[in-house]
Amino acid sequence: MEALVIFLIALLIGSSHLDVGEGQSNNFDIVNFGAVGDGKTDDSGILGNVVAPEATAWKGSTECWLCFREVNGLFLYGSGQINGNGASWWAQGKGTKRPTALHFHDCNNLKLDGLTHLNSQNNHIGVHHSNGVSISNLHIYAPGDSPNTDGIDISGSTQVFVSNCFIGTGDDCIAIKGGSSNINITKITCGPGHGISIGSLGEGGKKENVEQVYVRDVIFNATKNGARIKTAPGGSGYARTISFEEITLINTRYPIEIDQHYCNGKAHTCSDKGNSWNFFR
Ligand SMILES: *[C@@H]1O[C@H](CO)[C@@H](O)[C@H](O)[C@H]1NC(C)=O
Ligand SMILES: *[C@@H]1O[C@H](CO)[C@@H](O)[C@H](O)[C@H]1NC(C)=O
């Protein structure tokens with residue numbers, strides 16, 4: 001039941017800041033909560049819409065809006081929507097710290113299926129330090145010009161399978177960051193957005209590794225990038241055993257991009273001692 005309790009708390013935090021004056025009260029229709037009852041698996045079904053508060057009304061974490069930590073065997077599914085209500089947050093500008101809409105940390109054997117994710121404040125879904133993750137049948141939508149609205153961000157995780165998703169946002173479709181291995185991504189349509197990215201790795205001089213990433217049967221439709229690997233100068237580690245197969249590119253500006261001098265617009269803080277390819281392999 002731990003998962004249900006945490007999830008309900010997250011919803012209450014959100015709901016207490018909802019502007020019901022704008023007729024949004026019926027956007028809260030969470031039904032069909034229930035555990036499998038085997039004492040191990042917690043199920044959370046969402047059929048209605050969960051809507052985030054406006055930026056100025058949010059007094060919670062800047063890390064995440066709906067946050068799960070140390071919940072094993074969580075299954076989040078349904079035909080409902082998780083709506084980050086991003087417009088008022090994006091208007092604050094790229095420099096402000098905005099929460100990931102749905103964030104999982106130390107959640108092993110996690111399963112996400114079927115939900116629609118809209119207009120996140122920052123990244124839509126973050127999976128961190130979680131092993132054995134299955135993500136399928138999601139629809140993730142945000143405008144192509146919305147800032148930092150990655151679809152799915154994966155870091156420090158292993159055995160992650162992402163399949164049958166539509167992801168059109170303003171930033172990375174899927175980003176695979178340091179400490180990740182054994183990631184299978186298949187049957188995804190990306191666009192608009194920045195493609196499927198490894199990294200960035202090694203920002204701030206860090207040592208970071210990513211390996212065994214298999215991307216297959218993906219359509220990039222009107223994305224800026226397709227397959228992409230980004231490493232920062234001054235960092236170290238490796239990005240290895242990475243494959244992209246059966247890729248369809250439609251109107252993609254940079255189909256393959258390997259940038260070993262990625263500074264994310266922060267050229268002045270980017271250490272430039274030597275070439276990063278001396279340290280990344
Ligand atoms: C992941 O992809 C690799 C390479 O295509 C494949 O060998 C492996 O069986 C896949 N794993 C799963 C569990 O689908
Ligand atoms: C690509 O995107 C355009 C514009 O949204 C759409 O009309 C078209 O059907 C898409 N093509 C594929 C193969 O998904």
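The values are calculated or read from the model by the stated rules, or taken from the named source; none is laboratory data. All values derive from a computational prediction rather than experimental measurement. Positions of Cβ are generated from backbone atoms using ideal geometry, with glycine treated the same way; all protein chains shown enter the neighbour counts.
Among the residues of the stretch 215-259, write down those that are small (Gly, Ala, Ser) and within 16 Å of ligand 2 (Cβ to nearest atom).
ALA222, GLY226
Output the residue which, of all residues in the stretch 191-211 that are part of a loop (DSSP other than H, G, I, E, B) and small (Gly, Ala, Ser), is nearest to ligand 1 (Cβ to nearest atom).
Among those that are part of a loop (DSSP other than H, G, I, E, B) and small (Gly, Ala, Ser), it is GLY195.
Just to confirm my filter: which strands (runs of 3 or more DSSP E) fall fully inside the stretch 131-190 and include at least 2 residues that are surrounded by fewer than 23 Cβ atoms within 10 Å (Cβ to Cβ), modelled with pLDDT under 95 and more than 15 Å from ligand 2 (Cβ to nearest atom)?
On the way: elements: 131-136, 139-141, 152-155, 158-168, 174-176, 180-190.
Strands (runs of 3 or more DSSP E) meeting the threshold: none at all.
Looking at GLY193, GLY226, GLY237, GLY202, which is the one that is of a type outside the set (Lys, Arg) and in contact with a helix residue (DSSP H, G or I) (Cβ under 8 Å, 6 or more places away or on another chain)?
GLY202
If you scan the stretch 212-262, which residues turn out to be among the basic types (Lys, Arg) and within 16 Å of ligand 1 (Cβ to nearest atom)?
Looking only at the stretch 212-262, we keep the residues that are among the basic types (Lys, Arg), and these are 216, 224, 228, 230, 240, 253.
Selection gives ARG216, ARG240.
Given the condition out of contact with any helix residue (DSSP H, G or I) (no Cβ under 7 Å at 6 or more places or on another chain), at pLDDT 50 or above and not in a loop (DSSP other than H, G, I, E, B), answer yes or no: does some residue in the stretch 25-41 qualify?
no
Condition first: surrounded by fewer than 18 Cβ atoms within 10 Å (Cβ to Cβ) and either among the hydrophobic types (A, V, I, L, M, F, W, C) or out of contact with any Gly (no Cβ under 9 Å at 6 or more places or on another chain) (or both). Now tell me which residues in the stretch 84-130 satisfy that.
Result: ALA87, SER88, ALA91, GLN92, GLY93, GLY95, THR96, LYS97, ASP106.
From THR116, THR96, THR56, THR100, which residue is closer than 24 Å to SER181 by Cα and among the hydroxyl-bearing types (Ser, Thr, Tyr)?
From the options THR116, THR96, THR56, THR100, the qualifying one is THR100.
Look at the stretch 43-77 and say how many of its residues are in contact with a Gly (Cβ under 6 Å, 6 or more places away or on another chain) and surrounded by 20 or more Cβ atoms within 10 Å (Cβ to Cβ).
Number of matching residues: 2.
Can you name every residue in the stretch 77-107 that is under 16 Å from SER130 (Cβ atoms) and touching a residue at least 40 places away in the same chain (Cβ under 8 Å)?
Those that are under 16 Å from SER130 (Cβ atoms) and touching a residue at least 40 places away in the same chain (Cβ under 8 Å): THR100, HIS103.
Would it be correct to say that ALA222 is of a type in the set (Gly, Ala, Ser), touching a residue at least 12 places away in the same chain (Cβ under 8 Å) and either surrounded by fewer than 16 Cβ atoms within 10 Å (Cβ to Cβ) or out of contact with any strand residue (DSSP E or B) (no Cβ under 7 Å at 6 or more places or on another chain) (or both)?
Yes: the conditions hold for ALA222.
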